[in-house]
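A.B. asks: Before we start, here is the structure in question, set down as C-alpha cells.
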Amino acid sequence: MLRNASRVFGSLRSVGVGSVRFSSVPAAQPKPQILYTGILIDNEWHKSESGKVFPTTNPATGEIIAEIQEADKADVDKAVAAAKKAFSLGSPWRRMDASERGRLLYKLADLIEKNHVYMASLETYDNGKPYFMSHQADVVASVKNLRYHAGWADKHHGITVPIDDDYIGYTRLEPVGVCGQIIPWNFPLLMAVWKIGPAIATGNTVVLKPAEQTSLTALYLGQLIKEAGFPPGVVNIVPGFAAAGQAILHHPNVDKIAFTGSTEVGKIIQQGSAMNGLKRTTLELGGKSPNVIFADVDVDAAVEQAHFGLFFNMGQCCCAGSRTYVEDKIYDEFVEKSAARAKKRTLGDPFDLTTEQGPQIDQEQRGKIMSLIESGKSQGARIVAGGNTWGERGFYVEPTVFADVKDNMDIARQEIFGPVQQILKFSELDEIITRANDSEYGLAAAVFTKDIDKANYMIQGLRAGTVWVNCYNVFSPQLPFGGYKLSGHGRENGPYGISAYTEVKTVITKVMQKNS
Ligand code: NAP
Ligand code: MG
C-alpha cells in the first residue's frame with residue numbers, strides 16, 4: 001500500500017500538488033482518538049512534575065483538541081538521567097549488536113506503516129496540513145527514512161591506517177552519547193524521525209522535545225518505539241515549551257544538540273551549547289530560497305513547479321522557494337499565470353481530499369505573515385493574487401502572489417513562512433547569481449532551464465546546501481540536507497547525517513617485534 005503511496009509522492013514531487021491523483025489515498029479518520037499526551041521517560045508515560053498541562057489546538061478550527069503534560073527542568077532532568085543510564089557501558093543498549101539496532105528500526109518503520117491512516121489523520125488534526133499531504137508526504141517519507149537509517153546500523157565503521165614504525169592504527173566510530181533533539185511544528189512526525197533515526201542507528205540515546213503546537217504524532221511515535229522493543233531510556237520524549245528546550249540545552253549530561261527551527265533560536269542554541277560543555281551541535285534553520293526561471297522553459301510547467309515550490313505545506317517550509325526570479329522575456333506571462341494558478345488553489349477542510357491548502361499553524365504565525373503582506377503592499381510591490389486572511393474560523397491565509405518585488409523589500413529578505421510568493425525580474429546570468437546569493441540564508445535554490453551550460457554555471461555559483469534543477473522540493477533520505485550561512489550547519493540524512501551522530505576514536509597499538 002505504502003509503496004503505491006510513495007509512487008504518488010514521487011509524482012507529487014515532480015509535477016506538483018495539483019496534478020496528483022487522489023484515488024490511492026485511504027480514507028482518513030477525521031477525529032482520531034488521542035491516546036498519548038504524557039511525558040515518555042524510560043518507556044513509561046509520566047505526568048509532569050509540576051502538575052502543569054498545556055493545550056494543543058486544531059488549526060483548522062482553533063478548537064482545543066487535547067491537554068498535554070508540560071515538561072520543564074524537573075522532567076528533563078529525569079529524562080536525561082534515563083538516557084544517560086541507557087547509554088552507560090554494559091547496558092542492554094550498549095551491549096546490543098548493531099544489526100539488532102537496525103532490526104528494531106525496521107520494526108518501528110513497520111509499525112508506522114501499519115498505523116499509517118491513524119498517524120496521518122493525527123498529524124492533520126494537530127497541525128492542519130491536508131490529510132493527503134500528511135499521508136503521502138509526511139508518513140510515507142517517515143517510513144522510508146527509518147528504513148534507510150536501519151540499514152546504516154551495522155555498516156558505519158572506521159578504517160585501518162598503516163603508520164610508520166611498529167604501530168598499527170585504526171579508527172572506531174562511537175556514538176556521541178545523550179542527544180538532545182529540539183524540533184519545529186511544520187513537519188512534526190518527519191522531523192522527529194529525521195532526528196531519532198540516525199541517532200539510534202549509531203547507538204546514541206535521545207531526549208526529544210517536540211514543538212509546543214504539535215506534540216501528538218511525536219508522542220504516538222514514542223508509544224511505537226516502546227512497542228518495537230527498544231530498551232527503556234533509549235528514546236525519551238518531553239513535550240513542552242522553550243523552558244524544556246533550555247533545560248536540555250543547559251544539562252551537563254547532554255552531549256549533543258540537534259535543532260531545527262528559526263535562526264533566532266538557532267543562535268541561542270549554538271551559544272548555549274558553547275557555554276554548557278561545548279556540546280556537538282547541528283542546526284537546520286531558516287531560508288529565503290531563490291528559484292531562478294530562465295526564458296527557455298515550458299512556462300506552464302515552470303509556473304506549476306514554482307507554485308509547488310512555495311505553496312507546499314502552506315509555505316511553512318524552511319526551503320520554500322520564496323524568491324521567484326523570472327527572466328524578463330517571459331516575466332509578464334509568468335506573473336499572469338502564477339496569479340491565475342494561486343487563485344485556483346483550493347482552501348478548506350484539511351480532511352477533504354480536494355483541499356490543497358489548510359490553515360497556518362497558529363494565530364501568531366498568521367499575524368506575522370499578514371504583517372509581512374502589509375509591508376509588501378506599503379513598500380510598493382504589486383499584489384496580483386490574495387493578500388487577505390480566509391474563512392470564518394481557523395488560521396487560513398489566501399494564496400498570495402506579489403509581482404514587481406525589489407531585492408531590498410522586506411518580503412524579499414525576510415522568511416515569511418506562509419503562502420506568499422514573491423516574483424522578481426532579471427535579465428542577465430551574472431546579475432542573477434549575485435542577486436540570488438544576496439541573502440543571509442543559504443538553505444536551498446532552484447534553476448529552471450533547458451540549457452545545460454546555464455544550469456551548470458548556476459549550480460556552481462549558487463551558495464546553498466541544496467540546488468534543484470528543473471524540480472523543487474525533492475528529498476531523499478539518501479541525500480544530505482542542510483544550509484550555508486544563517487541557514488545553519490551540519491547535514492541531516494545520507495552518510496553525512498550519520499557521521500553527525502558519531503565521534504571518531506583513533507586507536508594506536510604498539511606491535512611487539514621479535515627480538516626487541
Ligand atoms: P522556534 O521558535 O525556533 O522553535 C523551534 C523549536 O525550538 C520548538 O520546539 C521550540 O519550542 C524550541 N524553542 C524555542 N525557543 C527556545 C529556546 N530559547 N531554547 C530552546 N528551545 C527553544 O520556531 P517556531 O516558533 O516554531 O517558528 C518561528 C519561526 O521559525 C518561523 O516563522 C520560521 O521562520 C522558523 N521555522 C523554521 C523551521 C525549519 O524547518 N527550519 C521550522 C519551523 C519554523 P516551543 O515550540 O515550545 O516554542
Ligand atoms: Mg496543534
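The values are calculated or read from the model by the stated rules, or taken from the named source; none is laboratory data. The structure presented is a predicted model; accordingly, all values stated were derived computationally and were not measured. Because the Cβ atoms are built from the backbone with ideal geometry, glycine has one as well, and the counts that use them run over all protein chains shown. Surface areas here come from the heavy atoms of the whole protein model, side chains and all, with no ligands, DNA or RNA. Shrake-Rupley method; radii C 1.70, N 1.55, O 1.52, S 1.80 Å.
A.B. asks: Quick one: which residues, 5 or more positions from Ile293 or on another chain, have an amide H under 5 Å from its amide H? H modelled 1.01 Å from N in the peptide plane, none for Pro or chain starts.
C.D. replies: The list, which skips near neighbours in sequence, is Tyr325, Val326, Glu327, Phe448.
A.B. asks: Also, quick follow-up: What is the local net charge at Lys288, summed over the other residues whose Cβ is closer than 9 Å to its Cβ (Lys, Arg +1; Asp, Glu -1)? Spell out each step's value before the answer.
C.D. replies: Details: positive: Arg323, Arg413; negative: Glu415, Glu440.
Result for the local shell: 0.
A.B. asks: As an exercise, use a Förster radius of 45 Å and the Cβ-Cβ distance of Met275 and Ile168 to find the FRET efficiency, rounded to the nearest 0.05.
C.D. replies: 0.70
A.B. asks: Continuing with this model, one more query. Report the local net charge at Gly380: Lys and Arg +1, Asp and Glu -1, summed over other residues whose C-beta lies under 9 Å from its C-beta. It would help to have the intermediate numbers written out before the result.
C.D. replies: Numbers: positive: Lys377, Arg382, Lys406; negative: Asp404.
It works out to a net charge of +2.
A.B. asks: A further question follows. What list of ³J(HN,Hα) couplings, whole Hz, do you get for segment 140-147 from phi and the Karplus terms 6.51, -1.76, 1.60, once you set θ to phi - 60° and write x for glycine and proline?
C.D. replies: So the J values, rounded to whole Hz, are 4, 5, 5, 4, 4, 5, 5, 5.
A.B. asks: Kindly provide the helix-only [θ] at 222 nm of the chain, computed as the sum of -39,500 (n - 2.57) over DSSP H runs of four or more divided by all residues, to the nearest 500 deg cm²/dmol?
C.D. replies: Theoretical 222 nm ellipticity from helices: -12000 deg cm²/dmol.
A.B. asks: Expressed as a rounded percentage, what relative contact order does segment 290-469 have, with Cα pairs under 8 Å and six or more residues apart? Could you put the intermediate results ahead of the total?
C.D. replies: Values: 327 pairs, mean separation 49.2, N = 180.
Worked out over segment 290-469, it gives 27 percent.
A.B. asks: Where does helix 216-228 land angle-wise versus the long Cα axis of the chain, in degrees 0 to 90, nearest 10?
C.D. replies: It works out to around 30 degrees.
A.B. asks: Okay, next question. Compute, for the chain, the length of the dipole vector about the Cα centre, with Cβ point charges of +1 (Lys, Arg) and -1 (Asp, Glu) only. Units Debye, rounded to 20.
C.D. replies: Numbers: 54 positive and 56 negative charges, 239 e Å.
Here the chain has a charge dipole of around 1140 debye.
A.B. asks: Separate question: Take the solvent-accessible surface of the protein heavy atoms, probe 1.4 Å, and return the percent of it on the chain that carbon and sulfur atoms account for.
C.D. replies: 52
A.B. asks: Excluding ligands, DNA and RNA, what is the solvent-accessible area per residue of segment 290-469 at a probe of 1.4 Å, expressed in Å²? Don't skip to the answer; put the middle values down first.
C.D. replies: On the way: 6890 Å² over 180 residues.
That works out to 38 Å² per residue.
A.B. asks: Would you please give the residues with an amide H less than 5 Å from that of Val53, counting only those at least 5 places away or on a separate chain, with H modeled from the backbone geometry?
C.D. replies: Glu70
A.B. asks: Moving on. What's the longest piece of the chain with no exposed trypsin sites (Lys or Arg not before Pro), counting a site as exposed if DSSP puts it in a loop and it has at most 12 other beta carbons within 10 Å?
C.D. replies: 156-392
A.B. asks: Further question: To test your reading of the geometry: what angle, between 0 and 90 degrees and rounded to tens, separates the Cα axis of helix 363-378 from the longest principal axis of the chain?
C.D. replies: That helix lies at roughly 40 degrees to the long axis.
A.B. asks: Nearest 10 degrees, 0 to 90: what angle lies between the long axis of helix 116-127 and the longest principal axis of the chain (Cα atoms)?
C.D. replies: 60
A.B. asks: What shape does segment 375-473 have by the C-alpha gyration tensor, where a ≥ b ≥ c are the square roots of the eigenvalues, rounded means a/c under 1.5, and otherwise prolate means a/b greater than b/c and oblate the rest? Don't jump to the answer; show the numbers that get you there.
C.D. replies: Working: a/c = 2.23, a/b = 1.82, b/c = 1.23.
The shape class here is prolate.
A.B. asks: Distance between Cα centroids, segment 285-350 to segment 126-152: provide it in whole Å.
C.D. replies: Centre-to-centre (Cα) distance: 24 Å.
A.B. asks: Below 29 Å, Cα to Cα, which lysines can Lys85 reach? Residues fewer than 8 away in the same chain don't count.
C.D. replies: In chain and number order, the partners are Lys47, Lys52, Lys73, Lys107, Lys155, Lys195, Lys209, Lys226, Lys256, Lys279, Lys505.
A.B. asks: Stokes-Einstein diffusion coefficient for segment 290-469 at 37 °C in a medium of 0.692 mPa s, Rh from the Kirkwood formula over Cα pairs: what value in µm²/s?
C.D. replies: Reported coefficient: 201 µm²/s.
A.B. asks: Just name one of Cys317, Tyr396, Ala464: the one whose Cα is farthest towards the positive end of the charge dipole of segment 290-469 (beta-carbon charges, Lys/Arg +1, Asp/Glu -1).
C.D. replies: Tyr396
A.B. asks: Got a sec to turn the phi values of segment 412-417 into Karplus ³J(HN,Hα) couplings, 6.51 cos²θ - 1.76 cosθ + 1.60 with θ = phi - 60°, whole Hz, x for Gly and Pro?
C.D. replies: Going residue by residue, I get 9, 10, 9, 5, 8, 6 Hz, with x marking Gly and Pro.
A.B. asks: So, taking all protein chains as they sit and a 1.4 Å probe, how much accessible area belongs to Glu264, in Å² rounded to tens?
C.D. replies: Looks like 140 Å² after rounding.
A.B. asks: Right, next: On the Cα set of the chain, report Rg and Dmax in Å, please.
C.D. replies: Rg, Dmax (Cα atoms, Å): 23.5, 90.
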